[in-house]
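The structure under discussion appears below in the form of structure tokens.
The values are calculated or read from the model by the stated rules, or taken from the named source; none is laboratory data. Keep in mind the model is a prediction, meaning the values are calculated, not measured. No Cβ is skipped: glycine too gets one built from the backbone with ideal geometry, and neighbour counts run over all protein chains shown. Note: areas computed on protein heavy atoms with side chains; ligands, DNA, RNA excluded. Shrake-Rupley method; radii C 1.70, N 1.55, O 1.52, S 1.80 Å.
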Amino acid sequence: GSATIAVAPLRCGPGVPPKVLDAWAAGVPVVASSFAAIGAGAEPERDLLFADTPQDWETEVTRLLADAALRARLVGAGRARLAELTPERVYPLLRRLVAGE
């Protein structure tokens, strides 16, 4: 089956959250904690929706489920953001991380 939305309530972890990348690759809009969104280099309302408090989660998940146009817009933006993560852009970042810069 396919998902209508993905949630990424991550509070810690290294780098770009695979859960967000997987959702973008699958064409599924995302509601994520600010921690997960920052790790993915995402902007709220452009690439995904942010939620940190229980009320935020309820509001944003409900909003996304009720708005097909918003879901479609976020899917497009997520795929565009994912396309920006080319090896040419990612490898220099990884090298700096490994070098401890």
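If we scan the stretch 10-19, do we find a residue that is part of a helix (DSSP H, G or I), out of contact with any Asp or Glu (no Cβ under 9 Å at 6 or more places or on another chain) and modelled with pLDDT under 85? Before you say what the answer is, go through the steps one by one.
Going residue by residue through the stretch 10-19, those that are part of a helix (DSSP H, G or I) are 18-19.
Filter again for out of contact with any Asp or Glu (no Cβ under 9 Å at 6 or more places or on another chain), leaving 18-19.
Filter once more, so that each one left must be modelled with pLDDT under 85: 18-19.
Within the stretch 10-19, one or more residues are part of a helix (DSSP H, G or I), out of contact with any Asp or Glu (no Cβ under 9 Å at 6 or more places or on another chain) and modelled with pLDDT under 85.
Can you name every residue in the stretch 65-88 that is closer than 13 Å to ILE5 by Cα, open to solvent by less than 70 Å² (accessible area, probe 1.4 Å) and in contact (Cβ under 8 Å) with a residue 60 or more places away in the chain?
Within the stretch 65-88, just ARG71 meets the criteria.
Would you confirm, using the coordinates I've provided, whether ALA25 is within 25 Å of VAL98 (Cβ to Cβ), open to solvent by 40 Å² or more (accessible area, probe 1.4 Å) and modelled with pLDDT of 85 or more? Write out each step before concluding.
On the way: within 25 Å of VAL98 (Cβ to Cβ): yes; open to solvent by 40 Å² or more (accessible area, probe 1.4 Å): yes; modelled with pLDDT of 85 or more: yes.
The answer is yes for ALA25.
Just give me the residues in the stretch 33-49 being at pLDDT 90 or above and either surrounded by 15 or more Cβ atoms within 10 Å (Cβ to Cβ) or in contact with a Lys or Arg (Cβ under 6 Å, 6 or more places away or on another chain) (or both), in sequence order.
ASP47, LEU48, LEU49, listed by residue number.
Is there a residue being touching a helix residue (DSSP H, G or I) at 6+ places or on another chain (Cβ under 9 Å) and either open to solvent by less than 60 Å² (accessible area, probe 1.4 Å) or assigned to a helix (DSSP H, G or I) (or both) anywhere in the stretch 53-62?
No, there is no match, as no residue in the stretch 53-62 is touching a helix residue (DSSP H, G or I) at 6+ places or on another chain (Cβ under 9 Å) and either open to solvent by less than 60 Å² (accessible area, probe 1.4 Å) or assigned to a helix (DSSP H, G or I) (or both).
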